[in-house]
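The values are calculated or read from the model by the stated rules, or taken from the named source; none is laboratory data. None of these values were measured; they are calculated from a predicted model. Every residue, glycine among them, receives a Cβ derived from its backbone with ideal geometry; neighbour counts consider all protein chains shown. Ligands, DNA and RNA are stripped out before the accessible areas are found, and what is left, the full protein with its side chains, is counted by its heavy atoms. Shrake-Rupley method; radii C 1.70, N 1.55, O 1.52, S 1.80 Å.
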Amino acid sequence: MASSAAAARPASGQRHSAAALAEGKPLLETRHRWLLTIGIMGAMIMQILDTTIANVALPHMMTSLGATVDTVTWVLTSYIVATAIALPATGWLSDRLGSRNLFLIATAGFIIASMLCGIATSLEEMVIFRVFQGVFAAFINPLSQTSMLDINAPENAAKAMSVWGMGVMVGPIMGPVLGGWLTESYNWRWVFYVNVPVGIATFAILWFLLPSRPKARRSFDYAGFIYLGVAVAAFQLMLDRGQSEDWFDSWEVIVEGLAALAFTWLAIFHFATAKKPLFDRALFRNRNLVTGLMFMLVVGISTMAPMALLPPMLQNLFGYPVIDTGMMMAPRGVGVLFTMWLAGRLMGKVDTRIVIMAGLIIFGISLRQMAGYSLEQDYWPVVTAGFVQGLGMGLVFMPLNAMAFATLDGRYRTDGSSLLNLFRSIGQSAGISMVTVLLARNTQTSHADLAQHVTGTVVSGFDLNMLRGLGTISDAAMTMIDGMVNKQAAMIAYIDDFYLMSWISFGAVPLVLLLQKPKGKIEVVHSE
């Protein structure tokens, strides 16, 4: 393998691991593998849920924490930025502390931070606790992916990734449903308290069953970490604050954008020239991993953006309550579960690149279905398009993760996983920001276009001139008409976003050809 050839000579423990992999054995042996899988998945789903579960509770937090519409968004921003900054340090901490110890520390820290978020009495406290929660959450995702690969034999890698991928894709869909139910049935604090019982059970399983990779002495590239951390944090802040601050009309956003560009250049230059960079340069010589990183940007943009658009569309334009909105989005998760199971079987028999291509095409078709939405429709178009979209997501995400690691030396799994998660996070933030900006601007443009046809003569057979001189009745009628124009303009803007997402999905199909087919097959063993 290209990455192993360029790497330094492995230690004895690593040579033993390589021999085990060559013999078809897991990198790390463990008892009760399926029970441990439940523990690993429990930690990962708990962390994934917290990226979306708090969204629906924000209006309720404002009163309790004394926050405004603008400042309460820091509850989400602080978590996202902290996670993005901490992610690159996962590989070094895993080697230094041991993968088991880091996983346990991250899980315990996440549980404690969740409790603190639940008892927060001010916005300042909430933001501080969410930062701690985001730092611990950063380690859980890549460690869970690495652990799933480590405890399964190479021929079961695709099956392991299908199980792991189900949690990654279903978690964001469950978040708004669970968050809405907890907020309406109890109060917003339970969106954080719910992590405590789940986390304790998860921590117990990991404590008794989780094996560890051997510790390794590895120098830490402080300069590279700082450059990358500042670049990612500045970029995330620019995306999050841009819409509310009117983008580059604000000096804050300009400074954040310039800082992102400057520190990105510093990080790239440093990684290219440093003797011991934060990430081994062998990672970037692996074609599948680099292609996977590019794909993660596209997947992050095209998968998360529609999920961010749908809840406000269904609630604000169609008038559905939070619970109904969550239930209408649930079929997407059913589609994901089905095709992830199907993809696990297909990968042993069909070229994985064909599976990914099919998934991207199906995903693009579902977005074209969504571009056909109208204000007169019932819930069925949302349900069917969501299910089709889930089918496409399942065929893309899991096979893509398996292909990204197919030719990567096992020693680089943790670093590779942290990079994949970092790029997916950046793609998600960029995608959500992009569609939000386009939604706001296209709504204004469409409103202006539609308003041109609302003349003083006739609207839907009614003479507006008759309203003149009627005082408050005239004002109320014009307000109603303006509200109808606003809804139609917003619907047009949503449709434009869905069209854009579909073209991004179709445009990503040729990228699949850059993936290198591994020698032999990515086989999957099924227990009947």
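A 1.4 Å probe run over the protein chains yields, for region 219-331, 45 Å² of accessible area per residue, whole-number rounding. Counting Lys and Arg as +1 and Asp and Glu as -1 over every other residue whose Cβ lies under 10 Å from the Cβ of Pro88, the net charge comes to -2. At full extension, Trp181 and Arg441 could sit 90.4 nm farther apart than now, given 0.36 nm per residue minus the alpha carbon distance.
Element breakdown for region 167-274 at a 1.4 angstrom probe: carbon and sulfur atoms account for 72% of the accessible area.
Over region 46-150, with the other protein chains present, what is the accessible area per residue in square angstrom, probe 1.4 angstrom?
On the way: 3260 Å² over 105 residues.
Using a 1.4 Å probe on heavy atoms only, each residue of region 46-150 averages 31 Å².
Other residues lying with their Cβ under 12 Å from the Cβ of Ala430 contribute a combined charge of 0, Lys and Arg counting +1, Asp and Glu -1.
Using R0 = 35 Å, the C-beta based FRET efficiency linking Val350 and Ile254 works out to 0.10.
Anything over 24 Å Cα to Cα? Flag those among Lys25/Lys276; Lys25/Lys275; Lys25/Lys517, in the order listed. Mind showing how you got there, number by number?
Numbers: Lys25/Lys276 31 Å; Lys25/Lys275 34 Å; Lys25/Lys517 22 Å.
Distance filter (> 24 Å) returns Lys25/Lys276; Lys25/Lys275.
In sequence order, region 330-341 has phi-based couplings of 4, x, 4, x, 4, x, 4, 4, 5, 6, 5, 5 Hz under the Karplus curve 6.51 cos²θ - 1.76 cosθ + 1.60, θ = phi - 60°, and Gly or Pro positions carry x.
Between Asp449 and Met327, 0.36 nm times their residue separation minus their Cα-Cα distance comes to what?
Here the segment from Asp449 to Met327 would lengthen by 40.5 nm.
Sorting 145-155, 190-200 by average packing, meaning the other beta carbons within 10 Å per residue, from highest down gives 145-155, 190-200. In plain terms, the chain from Asn486 to Ile128 could stretch by 125.1 nm, reckoned as 0.36 nm per residue minus the Cα-Cα distance.
So, by mean Cβ neighbours within 10 angstrom, what's the order for 244-253, 392-401 with the highest one leading? Mind dumping the intermediate values first?
Working: 244-253: 12.8, 392-401: 29.4.
Output ranking for 244-253, 392-401: 392-401, 244-253.
Other residues lying with their Cβ under 15 Å from the Cβ of Leu360 contribute a combined charge of +1, Lys and Arg counting +1, Asp and Glu -1.
Each residue, Arg33 and Tyr193, gets one label point 7 Å from its Cα in the Cβ direction; the gap between the two is 4.0 nm.
On average, how much accessible surface per residue is there in region 363-436, in Å², for a 1.4 Å probe, leaving out ligands, DNA and RNA?
Numbers: 1980 Å² over 74 residues.
With the other protein chains kept in place, region 363-436 gives 27 Å² per residue.
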